[in-house]
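Visitor: Structure provided below as structure tokens; questions to follow.
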Amino acid sequence: MSDADRERWDARYRSGLLTQTPAAVLTANHHLLPAGGRALDLACGLGANARVLAAAGLDTHAWDVSPVAVGQLDAHAAAAGLTVHSAVRDVLLAPPPPASFDVIVVARFLDRALCPALAAALRPGGLLFYETFTRLARGGPTNPDWSLAESELLALFAGLAVRFHRDDWDTGDPALGLRGFAQFVGQRPHAAETRR
Ligand SMILES: C[S@@+](CC[C@H](N)C(=O)[O-])C[C@H]1O[C@@H](n2cnc3c(N)ncnc32)[C@H](O)[C@@H]1O
């Protein structure tokens, strides 16, 4: 990311106008979380998802390119009495290493080139919780590079077993349902059992 783009994010966080609500895909599927392990909130912003993961007892890491966001995340986590290992990190330049996390959460962030590295960063049995804008989102990104085509998360993470998927797209009553967001929970297959 360029310095100018990072400064734009910093300015948004300094404005205090950005929300910090956990992703619905995480709260609705909280029961899928493992009892322990290593978790990552990627492109975490203010870390609302990281706090959910830490409160669930996971060894939680949170990375974002904006130092302002990470500073605010640290303050929120401390105020909540939670330990979150935060880092200022450009996840495109330094993606998570292979087989390094049991849970990865991505909310309202999309870079298609990163998706294979995200799937590979899961340990066997690990879970990816993903929620972001579709092309039909009102007030979402205008650049199609940053929003999803119909059911695209299924294609981007075809190597993962689907545990949850929702994309209402333009079906039925547009005033109802989940409009403008797609949600996905995928699981990396467990390593095959060794046969005698
Ligand atoms: C719309 S916000 C979403 C924040 C958070 N995930 C949430 O749902 O509240 C997108 C975030 O992605 C971060 N971001 C953008 N590009 C990034 C990159 N290359 N590496 C790390 N973080 C990045 C921004 O700083 C911003 O905090």
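Nothing in this text is a laboratory measurement; each read-out follows from the coordinates by a stated rule. On a predicted model such as this, the values are computed, not experimentally measured, just so you know. Every residue, glycine as well, gets a Cβ built from its backbone with ideal geometry; the counts of neighbours run over all protein chains shown.
Visitor: Quick test of your reading of the structure: Ala77 fulfils all but one of (1) within 12 Å of the ligand (Cβ to nearest atom); (2) touching a strand residue (DSSP E or B) at 6+ places or on another chain (Cβ under 6 Å); (3) of a type outside the set (Asp, Glu); (4) not in a strand (DSSP E or B). Name the failing condition by number.
Guide: The number of the failed condition is (1).
Visitor: If you don't mind, another one. Only one of Asp3, Asp64, Asp10 is of a type in the set (Asp, Glu) and either in contact with a Phe, Trp or Tyr (Cβ under 7 Å, 6 or more places away or on another chain) or closer than 24 Å to Ala119 by Cα (or both). Can you tell me which?
Guide: Selected residue: Asp64, the only one of Asp3, Asp64, Asp10 that is of a type in the set (Asp, Glu) and either in contact with a Phe, Trp or Tyr (Cβ under 7 Å, 6 or more places away or on another chain) or closer than 24 Å to Ala119 by Cα (or both).
Visitor: While we're on this one: Using beta carbons and a limit of 6 Å, which pairs, at least six apart or on different chains, have the first residue in region 46-68 and closer than 11 Å to Leu26 by Cβ and among the small types (Gly, Ala, Ser) and the second one within 8 Å of the ligand (Cβ to nearest atom) and in a strand (DSSP E or B)?
Guide: Once the first residue is closer than 11 Å to Leu26 by Cβ and among the small types (Gly, Ala, Ser) and sits in region 46-68, its partners that are within 8 Å of the ligand (Cβ to nearest atom) and in a strand (DSSP E or B) give Ala50/Asp41.
For (1) touching a helix residue (DSSP H, G or I) at 6+ places or on another chain (Cβ under 6 Å); (2) farther than 26 Å from Asp168 by Cβ, each residue gets a yes or a no:
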{"site": "Ser2", "(1), (2)": "no, yes"}
{"site": "Trp9", "(1), (2)": "no, yes"}
{"site": "Pro22", "(1), (2)": "yes, no"}
{"site": "Val25", "(1), (2)": "no, no"}
{"site": "Ala28", "(1), (2)": "no, no"}
{"site": "His31", "(1), (2)": "no, no"}
{"site": "Asp41", "(1), (2)": "yes, no"}
{"site": "Leu58", "(1), (2)": "no, yes"}
{"site": "Val68", "(1), (2)": "yes, yes"}
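Visitor: Among what's in region 31-46 and is over 11 Å from Val103 (Cβ atoms) and more than 14 Å from the chain's Cα centre (by Cα), pick the residue that is nearest to the ligand (Cβ to nearest atom).
Guide: His31
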